Amino acid sequence: MTREITLAKAVNEAIAEEMRRDPTVFLMGEDVAEAGTPFKVLAGLVDEFGPDRVIDTPISEPGFVGMAVGAAMTGSRPIVDLMFGDFLYLVMDQLCNQAAKTHYMSGGKLKVPMVLRTNLGATRRSAAQHSQSLHALVAHIPGLKVAMPSSAYEAKGLLKTAIRDDNPVVIFEDKLMYQDKAAVPEEAYLIPFGEAAVLREGRDITLVATSSMVQVARQAAETLASEGISAEVIDPRTLVPFDEATIVESVKKTSRAIIIDEGHRNFGVTGEIASRISEKAFYHLDYPVQRMGAMDVPVPFSPALEDLTVPTPDAVAERARAAVRGELADAA
Amino acid sequence: MTKARTNTEDYVRMYRQMVRIRAFEDNANQLYLSAKMPGLTHMYSGQEAVAVGICEALTDEDRITSTHRGHGHCVAKGASFLEMFCELLGREEGYCRGKGGSMHIADQAHGNLGANAIVGGSMGIATGAALSAKRLGRDFVTVCFFGDGATAQGLWYEVMNMAALWRLPVIYACENNGYSEYTKTEEIAAGSLTARAEAFGIEAHKVDGQDVLAVNDLARKLVERARRGEGPFFVELDTYRYHGHHVGDINRDYYRSKDEEAAWKERRDPIVNFGKWLESEGILTAEELVAINDEIRAEAEAAVAYALDAKYPDAGEVDMHVFAGVEHALPYIDGERT
């Protein structure tokens, strides 16, 4: 049976199912218990599992992330809620120097099975310190896995896989999508890491989009279809591991690609994926691989400015038309 | 020395463990000075009574987190010379298959969750281990070793707050050796360290870190109380670092005098003083003390000789152990299905 539920509900269900299944799983973070987070994603979990397993922490991000690392090394499976992705900067030492490296530095003796749940996404009028999409930062660090759900379905399946993983996993939810509904099976399911989803098949161009940008790419593909341009839409679903083969095969077929991601364009996810395509499908390309990321400015507060910083379906469609027409705007 | 004789075997083991640390460090220093060891290392010599006094109060189930100056903790928690020297030399038989080295040595089997090259970096890990024990209903205690320099890290105050709120079985053991790298501690630490812990409602103690019996006596009491749910605790142990910040820090007159170093070594050496006490109590004779030292030094030298000839890891190991459950990380991150 499948029903439509919100992304928030999907996350809530994933955590509840895994906490029922495995008593070593627990949840900690700021305002995760009675408040259920500012986004109400975790509402009700404390009622079922009690305050010993749904733990409200002080506003001490490095402290509770570090504690999750230690708990994970000693038999627990903590899920840490980092209220805003922007707070990653606060926890970089514990996440990148400690969690990511412990298994390697110990020659495989110590494991850190923990999940850091956080979010990304601008256009919520939250300004520069509550709007960033910082997944490229952690995807850069060996030892961390990074998942990027693009709907309620992916959010549930990827989070359950993350909780069962024996490694530190960072999962980014799009905070603007918490109330978006999608079809989600009632039965338990997992989505394996490293398997991209081809969301729409096409002949003329490949749109690789992550997380919040998947819906942007799908809308662009709809528009393009009405104009006779057939776009393939692929969601990698995880950045680490990254399903390179599915994307390379698609581009070999379409000969063109645009990468759309809400992280900053400069030195980011779009450049990484574009480079892999150039390396692995060079002779198949009819057009330079295009990168569309968040504008390389701090996210501005004013709606009039903020909306300019994020790729839109219209902008993606326009870039795709140029690619299909073979118009080289920037090439020498 | 503060305690009357109660358990001969314990005393002899504590003496041996302190001698083991000193012998390990003397050999490690020689490996560095003779350019046989890659990188550098931080000597624990002088602080032996701290690691041994505390670790002798712990079981293998109890956890510790260690520091960049961590060989002493590792030996005191039960590690073997052979696997330690192999690790220092980057060999396959090392505790971490040569991937960690001096600053990341970990010995899971004896509850050592690892040294840490970020000053104060393990404070969250230790407190989280204590949270795990409490949540999972297990009775292990975690000791978080760190130096006076680490008390300047904000992380400590965050995790002490949570440890106190949730009454976690963790003991914060601050080895105050007087120097925060190349700077006198009095120049970097305002107020008193014990008062900082007390501000969180944490019971704080100060003890002579050169007196292994005083350290052990206090540690036993606190470990048992922490096990009963009366933690957390803080202990400041006054001690002294015989070498520089690291083995290459040789000309250090600009931050501390040779006279000061000589005074500590002559009057307050934890091994010499404990040896004298063992002799005066009739527990060991002077000849037996010498024999113990000779035997341990021979063991250390044999381990060094073995490690110098031991095999390096194969090149194929470079991308192993990045992820648990993944044999080789490089094909995995590119999406190769296993």
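Return the residues of the stretch A:103-119 that are in contact (Cβ under 8 Å) with a residue 40 or more places away in the chain and either touching a helix residue (DSSP H, G or I) at 6+ places or on another chain (Cβ under 9 Å) or surrounded by fewer than 24 Cβ atoms within 10 Å (Cβ to Cβ) (or both); say none if nothing qualifies. Spell out how you get there, then give the answer.
Residues of the stretch A:103-119 that are in contact (Cβ under 8 Å) with a residue 40 or more places away in the chain, as a first pass: A:103, A:111-119.
Passing the criteria: A:LYS111, A:VAL112, A:PRO113, A:MET114, A:VAL115, A:LEU116, A:ARG117, A:THR118, A:ASN119.
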field: Any pair with Cβ under 6 angstrom, 6 or more apart, that starts in the stretch A:229-255 at a residue that is free of Cβ contacts under 8 Å to residues at least 12 places away in the same chain and ends at one that is of a type outside the set (A, V, I, L, M, F, W, C) and not in a strand (DSSP E or B)
entry: A:ALA245/B:GLY335
field: Residue count, the stretch B:271-286 (criterion: crowded, with 19+ Cβ neighbours inside 10 Å and closer than 20 Å to B:ALA51 by Cβ)
entry: 5
message: I'd like to verify a number: residues in the stretch A:95-143 that are within 11 Å of chain B (Cβ to nearest Cβ) and either within 22 Å of B:GLU92 (Cα to Cα) or assigned to a loop (DSSP other than H, G, I, E, B) (or both), how many?
response: 18
query: more than 17 Å from A:ARG319 (Cβ to Cβ), hydrophobic (A, V, I, L, M, F, W, C) and within 13 Å of the chain's Cα centre (by Cα), is that true of A:VAL248?
result: no
- prompt: Given the residues B:HIS73, B:HIS42, which is the only one that is surrounded by 23 or more Cβ atoms within 10 Å (Cβ to Cβ), of a type outside the set (Asp, Glu), assigned to a loop (DSSP other than H, G, I, E, B) and out of contact with any Asp or Glu (no Cβ under 8 Å at 6 or more places or on another chain)?
  reply: B:HIS42
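Yes/no per residue for (1) facing chain A (nearest Cβ under 8 Å); (2) of a type in the set (Lys, Arg); (3) surrounded by fewer than 22 Cβ atoms within 10 Å (Cβ to Cβ):
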position: B:ARG69; (1), (2), (3): no, yes, no
position: B:GLU92; (1), (2), (3): no, no, yes
position: B:TYR95; (1), (2), (3): yes, no, no
position: B:LYS99; (1), (2), (3): yes, yes, no
position: B:VAL119; (1), (2), (3): no, no, yes
message: Just checking, does the stretch A:22-42 include any residue being out of contact with any strand residue (DSSP E or B) (no Cβ under 7 Å at 6 or more places or on another chain), crowded, with 20+ Cβ neighbours inside 10 Å, among the β-branched types (Val, Ile, Thr) and assigned to a helix (DSSP H, G or I)?
response: no
message: Please verify whether A:GLU244 is farther than 28 Å from A:THR123 by Cβ and either in the same structural domain as A:VAL289 (by TED's automatic domain parsing) or modelled with pLDDT of 95 or more (or both), treating the condition exactly as stated.
response: yes
- prompt: Do any helices (runs of 4 or more DSSP H) lying entirely in the stretch B:122-229 carry at least 2 residues that are among the aromatic types (Phe, Trp, Tyr) and within 14 Å of chain A (Cβ to nearest Cβ), and which ones are they?
  reply: B:154-165
task: Report yes if A:THR161 is without any contact (Cβ under 8 Å) to a residue 60 or more places away in the chain, surrounded by fewer than 24 Cβ atoms within 10 Å (Cβ to Cβ) and more than 12 Å from the chain's Cα centre (by Cα), otherwise no.
output: yes
- request: All but one of (1) surrounded by fewer than 24 Cβ atoms within 10 Å (Cβ to Cβ); (2) within 14 Å of another protein chain (Cβ to nearest Cβ); (3) under 28 Å from A:LEU190 (Cα atoms) hold for A:GLN215, so report the exception by its number.
  value: (2)
message: Out of everything in the stretch A:99-128 that is β-branched (Val, Ile, Thr) and under 24 Å from A:ALA155 (Cα atoms), what residue ends up being modelled with the lowest pLDDT?
response: A:THR123
Subset of the stretch A:254-304 [within 17 Å of A:LEU328 (Cβ to Cβ) and either polar (S, T, N, Q) or part of a strand (DSSP E or B) (or both)]: A:SER255, A:ALA257, A:ILE258, A:SER278, A:GLN290, A:ARG291, A:MET292
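The values are calculated or read from the model by the stated rules, or taken from the named source; none is laboratory data. Remember, predicted model here, so these are calculated numbers, not experimental data. All Cβ positions, glycine included, derive from the backbone under ideal geometry; neighbour counts span all protein chains shown.
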